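Structure, as C-alpha cells:
The values are calculated or read from the model by the stated rules, or taken from the named source; none is laboratory data. For clarity, every value in this text was computed on a predicted model and none was experimentally measured. Note that each Cβ is placed from the backbone with ideal geometry, even for glycine, and that neighbours are counted across all protein chains shown.
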Amino acid sequence: MTYDAVVIGAGHNGLTCGCYLARAGLRVLVVEQYHDYGGMTISEEVTAPGYLSDIHASGFLVAKVAPAMKDLDVEKHGLELITPDPNWALVTT
C-alpha cells in the first residue's frame, strides 16, 4: 500500500495529526513503537500493582479545552476524560 503521509508516534498529537490529514483526503499511516497508543490518555500500573495511574495527568487540563477534542468528536469514538474528586493522590507502599 502507498501512503501520502506517515505519522511517527501514536500519542494524542500524532493521532490528532493523522485524523486531520485523513480528513484532508490523504492516505495516512500512523506508527507507534510503544505497546499501546494514545499518549497522555494511557493509564498504567506504574506506582503499585492494581493502582492505575495517568502518566500525564496534567495534560488533561489542556485536553479539555483543546479545539481538536470537539472538532474530531472524540467522545463519539469512546474517549472519556474523567476528573476524579480528589483529582490528585500519592500512593505509597
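Looking across the range 74-88, the residues that are surrounded by fewer than 10 Cβ atoms within 10 Å (Cβ to Cβ) and either under 15 Å from the mean Cα position of the chain (by Cα) or among the aliphatic types (A, V, I, L, M) (or both) come down to K76, H77, G78, E80, I82.
Checked against (1) outside any loop (DSSP other than H, G, I, E, B); (2) touching a strand residue (DSSP E or B) at 6+ places or on another chain (Cβ under 8 Å), K76 passes all but condition (2).
Of all residues in the range 45-73, those satisfying the criterion of being among the charged types (D, E, K, R) and under 13 Å from the mean Cα position of the chain (by Cα) are D54, K64.
Within the range 11-50, being part of a helix (DSSP H, G or I), at negative phi and either at pLDDT below 90 or among the β-branched types (V, I, T) (or both) holds for H12, T16, M40, T41.
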